[in-house]
Amino acid sequence: MEENKRIGLALSGGGIKGIAHIGVMKALEELDIRPNIISGVSAGAIIGCLFAAGLDADSVKKFVDQTKFGKAFFPGFTTKGLLKHDFLKARLKEYLSFEHIEDLPIPFKVACTNLNTGRIEVFDEGPIIPAVAASSAIPVLFSPEKIGDNLYSDGGVLMNLPAESIREHCDVLIGVDLIPRVEIKLKQLSGVFSSMSIAARTFYLTIQNNSAKDIALCDILIVPEHIEDHHIFSFNKVEEIFESGYLSTMKQKDHILAQLERTISR
């Protein structure tokens, strides 16, 4: 694109389904589409900060494979019965060569829920890892992250697709939504992990409404096909989820390229 035309990429939350973001980015790289600014929440914050640090899709996929992404979500309980993000923080520290958000090569914004004020808060400066850990701290499962004098938790509670946070900074905004509003089958709420699946479904239903206004702000919306067949605990479906993001983006390539071309010609 022309230098004065900026592409934004907003990455939603979705637990392990966040791996679809890597597939989307892999496809965009093959189409020679590089975002100039990125926003992320929850799983989208984890993946987004790595892209903002300059890693390509293959490198981020390597991070996921070597990290055993499930351990980032279930490393061990604290004395309060909540999970800690120490494992995720340690792995991000190994991969990130930047300490502060404002030092990242690609501008990056992280959406978190401020539990003290009850409002969404978007970080675009300060230490990267605490902000990402806070943004991905799923309520009830994870301990909130203390930043300054406040406690922060999963930004998806109030803004699961952080498009608004970067809309004014880009000419074309691509959003990736991992929690579309769809009817699911009974078997997806049954089985060994039924309690987790029901909890996840309930959480999804509470946050889907908050995505509507952000979806409307996107010029291009990518919803990986059959992403609803997976849940935030589908740790054995990494490759399928990655492929879903990649193939769904490539299926839209003509629309994506046409939208970018229209913007360039303005």
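The values are calculated or read from the model by the stated rules, or taken from the named source; none is laboratory data. Remember, predicted model here, so these are calculated numbers, not experimental data. Positions of Cβ are backbone-derived with ideal geometry, glycine not excepted, and every protein chain shown enters the neighbour counts. SASA here: full protein model, heavy atoms, side chains in, ligands and nucleic acids out. Shrake-Rupley method; radii C 1.70, N 1.55, O 1.52, S 1.80 Å.
Quick look at the values:
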read-out: Exposure ranking of 157, 132 by accessible area [1.4 Å probe, largest first]; value: 157, 132
read-out: 119, 6, reordered so the largest accessible area comes first (probe 1.4 Å); value: 119, 6
read-out: Protein-only accessible surface order, largest first, of 241, 198 at 1.4 Å; value: 198, 241
read-out: Local electrostatic count at residue 239 - Lys and Arg +1, Asp and Glu -1, tallied over other residues with Cβ under 12 Å; value: -1
read-out: At R0 = 25 Å, FRET efficiency that the Cβ-Cβ distance of residue 181 and residue 119 yields, to 0.05; value: 0.55
read-out: Virtual paramagnetic centre 7 Å along Cα→Cβ of residue 261, amide N under 17 Å, in the stretch 3-42; value: 31-33
read-out: Whole-Hz couplings from phi, Karplus 6.51/-1.76/1.60, listed for the stretch 247-259; x for Gly and Pro; value: 5, 5, 5, 5, 5, 9, 4, 5, 5, 5, 5, 5, 5
read-out: Per-residue ³J(HN,Hα) for the stretch 35-46, Karplus 6.51 cos²θ - 1.76 cosθ + 1.60, θ = phi - 60°, Hz, x for Gly and Pro; value: x, 9, 8, 10, 10, x, 9, 6, 4, x, 6, 4
read-out: Cβ crowding within 10 Å averaged over residues, with 108-114, 92-98 ranked highest first; value: 108-114, 92-98
read-out: Highest to lowest packing among 213-222, 162-171, scored as the average C-beta count within 10 Å; value: 162-171, 213-222
read-out: Residue-normalised accessible area of the stretch 127-182, given per residue in Å² at a 1.4 Å probe; value: 33 Å²
